[in-house]
Ligand code: DLL
């Protein structure tokens with residue numbers, strides 16, 4: 001059976017990988033210097049010219065990019081190619097103000113799909129497989145990325161997108177899907193629905209590729225057992241391309257980062273200092289092959305550890321651990337990026353004050369979001385029907401902002417505990 005999609009790259013020697021990185025980084029820095037005035041200015045502010053970057057050893061000299069830069073430069077300020085050379089945009093799941101728009105040339109799409117194809121072959125995918133993609137299609141990168149990867153491998157691709165569980169199960173059974181790609185929480189939900197409907201015997205799945213949100217080893221074992229599959233992690237972010245920046249192999253002990261396209265560093269989130277291998281910190285990526293959206297030293301805010309321990313699968317690319325948290329306050333709920341500031345904006349717009357608490361939990365492997373908000377002296381009511389109406393209005397406004405359902409519970413003024421230090425606004429009860 002084919003073990004690698006691009007064996008010469010995936011099992012290249014460390015020297016070869018470093019040689020690629022050195023050469024591509026130098027070229028990329030020149031590309032960015034010449035085509036992205038926003039970043040050139042940042043380099044100039046540090047007194048740097050492209051000649052100062054001779055290889056990976058000089059990477060630490062370059063300035064960081066953050067989500068704030070992306071917002072400031074929105075929408076076109078970080079493009080490395082004119083619009084006429086771009087063929088696609090994708091965007092993050094966060095909404096209003098927090099949206100990130102990433103641009104792709106045809107070559108960018110091609111290399112991104114290669115990364116997703118590597119992930120599919122790593123879980124045993126071949127042209128004999130039927131690959132059911134139930135990540136969202138559209139602006140979200142999950143569906144389009146894995147769809148492209150599945151085509152490249154030659155699987156029969158079922159472009160299902162997310163939701164509509166009945167239809168998912170019908171195609172899964174009728175067309176005998178063997179690989180499923182979705183968020184881990186949706187996988188758990190599908191598993192539950194399969195058992196409820198007594199369909200377990202009709203399921204031919206052998207592997208799942210689950211990512212876009214944090215999930216635990218316990219959840220892996222649960223899903224593997226209930227679906228009779230092996231469950232693999234996949235990582236990525238819109239800014240850097242989408243799914244497939246890193247993917248798990250048969251060893252299931254971390255995700256290989258596609259180092260021929262992305263150089264990974266781990267930094268101390270407080271000082272920005274690069275940490276030695278094996279230490280936990282914030283993951284930073286430099287894209288060395290992307291043309292249209294060539295981010296250098298992009299701070300992901302994901303906290304993890306890198307390891308170069310030899311992997312039994314034969315791949316030589318560095319492995320990242322599952323992200324262990326974030327260095328900002330972004331929550332990922334049902335795969336959707338949610339910033340507490342978005343919730344606060346809605347509450348204030350709707351005439352409430354910033355006395356609220358966000359409670360996130362995971363019930364039956366599915367995320368739940370509840371917002372408890374104090375009524376104000378002005379809008380206080382003790383009529384249950386009036387409170388019900390006010391809650392319903394907030395649910396609608398939150399849905400419009402976040403794109404997901406949040407349960408709203410209005411409470412009497414002055415009942416949410418005040419804090420003397422930083423307000424405790426988020427209670428995340430999920431055990432991940
Ligand atoms: O979630 C891309 C993706 C799609 C990855 C499908 C995997 C599968 P964004 O919406 O831009 O892109 O969100 C990126 O999601 O910075 C992490 O915090 C989180 N994330 C992504 N994959 C994982 C994972 C897609 N496997 C943000 N485990 C990232 C934990 C993940 N967190």
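Counting only residues that are within 28 Å of residue 300 (Cβ to Cβ) and touching a helix residue (DSSP H, G or I) at 6+ places or on another chain (Cβ under 6 Å), which one in segment 335-353 is nearest to the ligand (Cβ to nearest atom)? Give the steps one after another, and end with the answer.
Here is the first cut: in segment 335-353, the ones within 28 Å of residue 300 (Cβ to Cβ) are 335-346.
Now restrict to residues that are touching a helix residue (DSSP H, G or I) at 6+ places or on another chain (Cβ under 6 Å): 338, 342, 346.
Details: 338: 11, 342: 15, 346: 20 Å.
Within segment 335-353, the match that is nearest to the ligand (Cβ to nearest atom) is 338.
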Can residue 240 be described as crowded, with 22+ Cβ neighbours inside 10 Å, under 22 Å from residue 125 (Cβ atoms) and assigned by TED's automatic domain parsing to the domain that holds residue 289? no
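Can you tell me which residue in segment 305-334 is surrounded by the fewest Cβ atoms within 10 Å (Cβ to Cβ), limited to those that are over 29 Å from residue 406 (Cα atoms) and under 16 Å from the mean Cα position of the chain (by Cα)?
So in segment 305-334, the residues over 29 Å from residue 406 (Cα atoms) come out as 305-321.
From what is left, the residues that are under 16 Å from the mean Cα position of the chain (by Cα) are 320-321.
Details: 320: 21, 321: 16.
Checked segment 305-334; the qualifying residue surrounded by the fewest Cβ atoms within 10 Å (Cβ to Cβ) is 321.
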Checked 187, 191 against criteria (in a helix (DSSP H, G or I), in contact with a helix residue (DSSP H, G or I) (Cβ under 7 Å, 6 or more places away or on another chain) and within 14 Å of the ligand (Cβ to nearest atom)); the one match is 187
Write out, first by first residue and then by second, each pair whose Cβ atoms fall under 6 Å of each other, whose residues are 6+ apart or on separate chains, and whose first residue, in segment 225-247, is free of Cβ contacts under 8 Å to residues at least 60 places away in the same chain while the second is near the ligand (Cβ under 8 Å from one of its atoms). 231/210
Segment 56-70: number of residues that are free of Cβ contacts under 8 Å to residues at least 40 places away in the same chain and surrounded by 14 or more Cβ atoms within 10 Å (Cβ to Cβ): 2
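Does at least one position in segment 62-79 carry a residue that is over 30 Å from residue 331 (Cα atoms) and away from the ligand (no atom under 16 Å from the Cβ)? Don't jump to the end; show me each part of the working.
The first filter runs over segment 62-79 and keeps only residues over 30 Å from residue 331 (Cα atoms), leaving none.
No, that holds for no residue.
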For segment 405-413, indicate whether the set of residues that are surrounded by 17 or more Cβ atoms within 10 Å (Cβ to Cβ) and within 22 Å of the chain's Cα centre (by Cα) is non-empty. yes
Considering only strands (runs of 3 or more DSSP E) fully contained in segment 76-136, which possess at least 3 residues that are under 25 Å from residue 299 (Cβ atoms) and either touching a helix residue (DSSP H, G or I) at 6+ places or on another chain (Cβ under 7 Å) or in the same structural domain as residue 235 (by TED's automatic domain parsing) (or both)? 88-91, 101-104
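The values are calculated or read from the model by the stated rules, or taken from the named source; none is laboratory data. Just so it is clear, the model here is predicted, and its values are computed rather than measured. FYI the Cβ positions are ideal-geometry reconstructions off the backbone, even for glycines, and counts take in every protein chain you see.
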